[in-house]
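Just so it is clear, none of the values below were taken in a lab; they were calculated from the coordinates. Since the structure is predicted, the reported quantities are computational estimates derived from the model, not experimental observations. Here the Cβ is made from the backbone with ideal geometry for all residues, glycine too, and neighbour counts use every protein chain on show.
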Number of protein chains: 2
Amino acid sequence: MKDVAAALNVSTATVSRSLRDDPAISLETRRAVLDMARSLQYRPSAAARRLRTRASSLIGVVVQSVGDGYVGDVVLGIQQRARDLGYQPLLFAAEGREDLEAEALDVFLSEQVTEFIAVSPTGRPQLLRRAVEEGLHVAVINWDIEVPASLFDSVERGRIGTRVTNFGSSAGIDVSSIAFHDVAAGMMATSHLAGLGHRQLVHVRGPNVRSSLFRLLGFRRALETIGLWPQPVLSPEPHAQESREAAVAAYLRDTRPPVGMVAYDDLSAVAALRAAHRMGWRVPEDLSVVGIDDIQFAAYTNPGLTTVAQPKQELGALAVDALLLPGKADPGTQILDGYLVVRESTAPVERDAGEHGQQAADTSSDLSSGSAGVLSIRPATHTGDAMMDG
Amino acid sequence: MKDVAAALNVSTATVSRSLRDDPAISLETRRAVLDMARSLQYRPSAAARRLRTRASSLIGVVVQSVGDGYVGDVVLGIQQRARDLGYQPLLFAAEGREDLEAEALDVFLSEQVTEFIAVSPTGRPQLLRRAVEEGLHVAVINWDIEVPASLFDSVERGRIGTRVTNFGSSAGIDVSSIAFHDVAAGMMATSHLAGLGHRQLVHVRGPNVRSSLFRLLGFRRALETIGLWPQPVLSPEPHAQESREAAVAAYLRDTRPPVGMVAYDDLSAVAALRAAHRMGWRVPEDLSVVGIDDIQFAAYTNPGLTTVAQPKQELGALAVDALLLPGKADPGTQILDGYLVVRESTAPVERDAGEHGQQAADTSSDLSSGSAGVLSIRPATHTGDAMMDG
DNA sequence: TTGTACGCGTTATCAG
DNA sequence: CTGATAACGCGTACAA
């Protein structure tokens with residue numbers, strides 16, 4: 001800056017003002033300064049600016065893990081929006097450990113971070129509480145607060161009280177909360193299946209957290225609307241992929257097609273896909289599966305997964321807006337709707353599907369071992385061409 | 001710092017020295033300072049320190065995208081190692097755009113970043129060249145330099161010259177290069193298949209970049225060793241998942257089982273899985289598929305994908321070491337071996353598999369449409385129990 | 001072993 | 001509209 005000033009015979013103050021678009025500066029000097037700065041390869045020192053202004057144009061972002069395919073898109077949305085507003089995200093992966101969350105906060109404070117976004121933080125409110133105490137502006141995306149198991153029971157079996165539907169949001173702390181509309185997502189998934197003609201539906205439950213509760217609630221709501229409630233709800237171990245697969249397999253063993261399944265999330269849906277294959281159920285002919293989230297891999301499963309997508313980038317962008325553009329109607333908590341992405345794991349139920357399906361359900365135990373079933377698992381030669389017509 | 005000094009009746013210089021473990025300080029004063037600092041909630045100002053020392057304890061990290069499941073693990077490795085050494089990664093997702101890569105560099109420079117890691121950057125060397133010109137220490141992880149298509153031809157059809165095997169590394173720029181051993185990975189995948197009894201092998205090629213070339217080379221090398229070269233190589237459109245699926249489907253249509261397939265990467269392998277299913281080939285009975293990379297989703301495919309894993313976290317950690325611990329034998333470029341992860345997509349070839357397989361190959365066109373093939377795609381009732389014995 | 005004093009590059013205040 | 005100057009919090013050369 002000194003060099004620029006010297007080269008133009010002005011003071012560094014003038015340079016500083018020009019660079020920052022101070023209104024009290026003549027157009028010509030500003031232009032001259034800007035040109036000179038460029039030609040001198042001037043690069044502002046973030047450190048000096050920060051020291052002086054006590055603010056850093058850095059947005060601290062805590063995530064559980066980078067690159068689980070969901071977080072990635074949210075972070076991308078954050079980065080893009082932040083970039084537009086002259087900010088830069090400072091990312092910290094806390095791996096779900098509270099000690100690392102605390103450390104992240106320390107780092108941010110040392111870096112003079114003033115804006116703070118937590119993406120799907122751990123259930124307890126300590127992190128966010130401390131953050132606001134330290135004077136940060138904070139926004140939470142999809143805060144998956146832990147929820148007592150009893151609430152699941154009331155949603156599943158009892159009547160639905162308002163205390164259930166109001167649960168969650170910002171828990172009394174002064175933070176902006178941006179969340180996916182889990183209830184609506186559950187309803188969309190369910191309605192899609194119902195619209196396809198499914199009358200026998202099942203839900204695969206997730207862990208004891210808010211999003212899981214709400215998705216189950218959506219499942220129930222949609223079914224009540226069309227008079228199909230109650231329907232079975234599977235409750236595998238939380239976060240255990242094998243348990244999910246086993247739960248679905250066990251259910252299919254005692255059931256006749258066609259079935260429409262709403263999975264807690266895409267990962268659960270993937271487990272269901274595997275279970276179906278193992279049990280000899282065809283997807284989507286015997287079993288239609290809908291996931292929720294639209295993780296990147298949902299397009300690559302076999303068959304491609306129909307799912308209710310989260311507007312992941314938008315969630316990130318809105319969190320940035322909530323922090324940096326407080327004028328922009330900041331209602332404390334914003335709920336974003338998802339949208340259905342139809343791929344190949346759902347299809348209309350066929351009239352006669354029940355017959356064929358029953359065979360499958362009766363006979364299937366484990367197709368992947370042994371060779372006795374080898375021949376019949378594929379079409380016989382003479383049916384090969386005919387299939388194209390069907 | 002002033003507060004701490006005042007509370008102890010010492011100078012700020014003493015405090016500063018104590019905090020930074022300056023040897024010229026008495027043990028008791030240091031301890032007193034440390035205690036007081038803690039009880040006063042002292043937090044160092046990164047900005048001031050940075051301004052003074054002109055270095056930032058920040059590691060600039062450019063990636064193509066956060067959260068594609070591969071990058072995530074690498075970044076995790078970087079963060080963990082960096083944390084041990086008192087550094088903090090500053091992540092920038094460049095989306096493969098060179099303008100954003102340039103911007104990332106500007107941000108880093110403004111932030112007084114001195115250490116720079118590029119994870120799978122775009123092919124051209126401009127970014128890295130500029131970075132070293134600006135005086136940064138730079139390390140590259142898996143630099144996928146673009147490679148002329150002609151080299152692929154020589155590997156595939158001609159003799160292998162040394163110019164092929166030496167290609168790549170740091171391209172004359174003064175950077176530390178950390179890379180996955182793609183040749184060895186290709187060989188491991190191929191040998192695994194050969195060891196399972198496969199004699200009919202095929203490779204699905206990747207885009208025109210170093211890693212792709214090397215994996216193909218590994219495929220050839222392994223086969224030459226056991227006298228099975230040449231074998232077919234499929235060349236779908238780069239980065240086009242549908243094209244990969246189509247290429248594999250077309251190949252399977254004209255081929256008889258059993259086939260052992262080495263895919264360029266896990267995503268290609270997933271495409272192969274879908275193609276196989278569409279064509280009525282069973283995996284792994286008719287078709288064994290090996291991927292490379294071990295992306296997070298490889299464990300969830302149906303069937304689970306056998307693959308050669310990259311030591312992703314280690315790649316990240318080593319890049320940090322190369323930058324921060326120059327004493328630690330920095331040989332310019334380090335090559336890390338992968339390891340085979342056997343899941344369900346590969347199996348020993350069965351003696352009689354050829355017979356059955358032929359049926360499949362002849363008749364399969366599209367099992368997912370029509371209902372004529374419905375019955376036969378699953379085992380008939382009477383074989384259901386027997387299967388468990390096989 | 002400790003204290004004094006300066007400067008890192010900016011921005012904000014005050015004066016002109 | 002512009003200039004002079006102080007201060008942000010820290011590290012370090014120099015002095016004690």
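Overview of results
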{"quantity": "Amide H contacts under 5 Å for A:VAL66, placed H, 5+ residues apart", "calculated": "none"}
{"quantity": "Under 5 Å, built H, 5+ apart or other chain: amide partners of A:ILE59", "calculated": "A:GLN88, A:LEU90"}
{"quantity": "For B:ALA246, net neighbour charge (Lys/Arg +1, Asp/Glu -1) across residues whose Cβ lies under 12 Å away", "calculated": "+1"}
{"quantity": "Rounded to 5, the percent of DSSP beta bridges in the protein assembly as shown classed as antiparallel", "calculated": "10 percent"}
{"quantity": "Chain A, relative contact order [Cα under 8 Å, separation at least 6], %", "calculated": "15 percent"}
{"quantity": "Residue-count net charge about A:ALA272 - beta-carbon cut-off 9 Å; Lys, Arg +1, Asp, Glu -1", "calculated": "+1"}
{"quantity": "HN-Hα J in Hz across region B:4-12 - Karplus 6.51, -1.76, 1.60, θ = phi - 60°, x for Gly and Pro", "calculated": "4, 4, 4, 4, 10, 6, 10, 8, 5"}
{"quantity": "Linear extension gain, B:ALA299 paired with B:GLU314, 0.36 nm per residue minus alpha-carbon span", "calculated": "3.4 nm"}
{"quantity": "Where labels lie 7 Å past Cα in the beta-carbon direction, separation of B:ARG253 and A:ASP153 in nm", "calculated": "5.9 nm"}
{"quantity": "Rg and Dmax of region B:201-315, Cα atoms only, in Å", "calculated": "13.4, 42"}
{"quantity": "Shielding of B:57-70 by partner chains, average beta-carbon count, 10 Å", "calculated": "4"}
{"quantity": "In region A:24-59, the trypsin sites (Lys or Arg not before Pro) that fall in loop regions by DSSP, at most 13 other Cβ within 10 Å", "calculated": "A:ARG54"}
{"quantity": "Check: the protein assembly as shown dipole with +1 on Lys, Arg Cβ and -1 on Asp, Glu Cβ, in debye", "calculated": "1840 debye"}
{"quantity": "Structure-based [θ]222 nm, chain B - -39500 (n - 2.57) summed over DSSP H runs of at least 4, per residue, nearest 500", "calculated": "-12500 deg cm²/dmol"}
{"quantity": "Charge dipole magnitude, Cβ of K and R +1, D and E -1 - chain A, Cα centre, debye nearest 20", "calculated": "1000 debye"}
{"quantity": "Listed residues B:ASN142, B:GLY67, B:ALA82: farthest to the positive end of the dipole of region B:55-178 (Cβ charges)", "calculated": "B:ASN142"}
{"quantity": "Chain A - share of DSSP beta bridges that are antiparallel (%, nearest 5)", "calculated": "10 percent"}
{"quantity": "Label point 7 Å beyond Cα along the C-beta direction, distances from A:ILE226 to other copies (nm, shortest first)", "calculated": "5.3"}
{"quantity": "Average partner coverage of A:87-93, which counts Cβ from other chains inside 10 Å", "calculated": "6"}
{"quantity": "In degrees, nearest ten, helix A:241-253 long axis to first principal axis of chain A (Cα)", "calculated": "30 degrees"}
{"quantity": "With Cα atoms, 0 to 90° folded angle of helix B:98-110 axis to chain B main axis", "calculated": "20 degrees"}
{"quantity": "Charge tally in the Cβ shell below 9 Å around B:GLU156, where Lys, Arg are +1 and Asp, Glu are -1, B:GLU156 excluded", "calculated": "+2"}
{"quantity": "Evaluated over the protein assembly as shown, the Cα radius of gyration and Dmax, each in Å", "calculated": "29.6, 96"}
{"quantity": "Shielding of B:294-300 by partner chains, average beta-carbon count, 10 Å", "calculated": "4"}
{"quantity": "Over region A:1-155: Kirkwood hydrodynamic radius from C-alpha pairwise inverse distances, Å", "calculated": "18.2 Å"}
{"quantity": "Principal axis dimensions, largest first and in whole angstrom, of chain B by Cα", "calculated": "90, 51, 36"}
{"quantity": "Long-range amide H partners of A:TYR264 with built H, under 5 Å", "calculated": "A:VAL204"}
{"quantity": "Hull shadow area, averaged, region A:63-118 [alpha-carbon convex hull, nm²]", "calculated": "3.7 nm²"}
{"quantity": "Sorted peptide list for A:203-214, B:131-142, criterion being average Cβ within 10 angstrom, highest first", "calculated": "A:203-214, B:131-142"}
{"quantity": "Dipole moment magnitude, nearest 20 debye, region A:55-178 about Cα centre, only Lys, Arg, Asp, Glu C-beta charged", "calculated": "480 debye"}
{"quantity": "Taking the C-alpha atoms of region A:2-44, convex hull volume expressed per residue in Å³", "calculated": "59 Å³"}
{"quantity": "Mean separation of Cα contacts under 8 Å (6+ apart) over length of region B:2-44, as relative contact order %", "calculated": "40 percent"}
{"quantity": "For region A:58-97 and region B:277-311, distance of Cα centres in Å", "calculated": "31 Å"}
{"quantity": "Restricting region A:84-131 to trypsin sites (Lys or Arg not before Pro) in coil, as DSSP defines it, with at most 13 other Cβ within 10 Å", "calculated": "A:ARG97"}
{"quantity": "Unit charges at the beta carbon, dipole of chain B: most positive-side option, B:ALA299, B:VAL202, B:ALA249", "calculated": "B:ALA299"}
{"quantity": "Dipole of region A:2-44 [Lys/Arg +1, Asp/Glu -1 at C-beta], most positive-end residue of A:ALA5, A:VAL15, A:GLN41", "calculated": "A:GLN41"}
